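Bear in mind that the values in this text are calculations on the coordinates, not laboratory data. Remember, it's a predicted structure, so these values are computed and weren't measured experimentally. Quick reminder, even Gly has a Cβ in these numbers, built from the backbone with ideal geometry, and neighbours come from all protein chains shown.
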Amino acid sequence: MEAYIPQMLADRRYLHAHPELSFQEFATARYVQEELRRLRHLSACLHPTETSIIAVFKTGRPGKKIGLRADMDALPIEEQTGLPFASQIPGIMHACGHDAHTAMLLAACRWIDDHIATLSGDIYCIFQHAEELPPGGAQALVDSDFLAGLDFIYGQHVTPNLPVGQVDLKIGSVTTNTDYFQIDLHGPGGHTARPDQGVNLLSVASHLIQSIHQIPSQALHPQEMAAVTCSFIQSGDAHSLNVMGQSLTLSGMIRTFERSLTEKVQERIEQYVEHACSLQDIHWQVSFEQGARAVLNDAALSQEIRQHVQTWLGENLLMKPPAMVGKDFSAYQQICPTSFALIGVRKSSAVEEVAPLHSPYFDLDEAGMEFGLKMLVSVLELSK
């Protein structure tokens, strides 16, 4: 495995220095394409969208048809790591490890190319665009039919919450459903000197924010887990502070493990808004947008992978509780069984607080990428 590490790290550092936002991964896709063209046994290079690539390897021997997936997009964040290979693109950064994901899958492609004679079935290496923006690029790949007939798809994500050498592969729930809500209020506004003659929508919104944030603790059963967060508000004009705005928008996210619980939270939000606005002359509208569904690891597939990698991971193979985050990897569940693992990239010796994902200070210990590559290779061995 060591022979693939230097180029894998070089790939990661180049991609880290040249990040691109969701749906704009044109140079990233070209880089991946050029690296794939160096391979001798690549059967096909499919392009379901402008900025996604599926590298296909056909072994010519009976076996499973499997998929390995990595995401490629970056985030609108100004990098503050000070790395020698820090982002060269102002305001854009690989703050979620997708540079590492792409580099690990490229390394797996090189391994496949060198070991094609030992493999069976067909292998689809999926370089996916736009994971960070809802509804996510995975759905477009599912809708393209390029992945029809796969027996399973495996994906993975780096995490600074685990030290290098540890892998978290769950059975069942991995992430939450993610849904978006938007509340639009319209009122008469007024002069700030006479709030009694108008309606201060910001005051109404402040009460709504408190009520909405209390839904998990006050409106749900103690055993029902949900995260409900208001994260955006806009009203009025910063240059007209003596005017109470006539419109207001309040938006946020709902995260749950069960769809029925999402619907319960949505119903409660509508009730709160209706009640708050009925007390004053306010017109209101609440809208909801479905984001990523919960990632659910197929039990049989994930157990098979766990048993296979247990031989070399030992006690470093974990099964942590699910995370309150969303991943569009869940879209692939529509077409075949899936399994999703978390790869530790925090130094085992780190004692200080480490920067989380989506932080301008986030960096990963590249030693963890070797374990990510080894996981991909181990999954490939299940193609027989």
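According to the Cα-based calculation, Rg over Rh for the range 30-126 is 1.06, with Rh computed by the Kirkwood formula. Note on the range 202-348: Rg/Rh from C-alpha atoms, Kirkwood Rh, equals 1.12. Helix content alone sets the calculated 222 nm mean residue ellipticity of the chain: runs of n ≥ 4 DSSP H residues at -39500 (n - 2.57) each, divided across all residues, give -9500 deg cm²/dmol.
Residues with beta-carbon under 9 Å from that of Pro360, excluding Pro360: net charge, scoring Lys, Arg +1 and Asp, Glu -1?
It works out to a net charge of -2.
The value of relative contact order for the range 288-377, using C-alpha pairs under 8 Å at least six residues apart, is 32 percent. For the chain, the alpha carbon positions stretch 80, 45, 43 Å along the principal axes, listed from largest to smallest. Rounded to the nearest 20, the size of the Cβ-charge dipole of the range 180-290 about its Cα centre is 200 debye, with Lys and Arg at +1 and Asp and Glu at -1. The length gained by stretching the chain between Met1 and Gln218 to full extension, at 0.36 nm per residue less their Cα-Cα distance, is 72.9 nm. If you plug the beta carbon distance of Thr249 and Glu289 into 1/(1 + (r/R0)^6) with R0 = 22 Å, you get a FRET efficiency near 0.95.
FRET efficiency for the Glu274 to Thr118 pair, using the beta carbon distance and R₀ = 45 Å, is estimated at 0.10.
Taking label points 7 Å from Cα along the Cα-to-Cβ direction, Ser43 and Leu241 give a separation of 6.7 nm. FRET efficiency for the Asp281 to Leu357 pair, using the beta carbon distance and R₀ = 41 Å, is estimated at 0.40.
Each Cα pair under 8 Å and six or more residues apart adds its sequence gap; the mean of these over the residue count of the chain is a relative contact order of 24 percent. The label-point distance for Ser206 and Gln334, in a model that sets each label 7 Å from Cα toward Cβ, rounds to 4.4 nm. Each residue, Asp196 and Met319, gets one label point 7 Å from its Cα in the Cβ direction; the gap between the two is 6.6 nm. Taking 0.36 nm per residue of separation and subtracting the Cα-Cα distance, full extension of the segment from Ala367 to Phe85 would add 99.9 nm.
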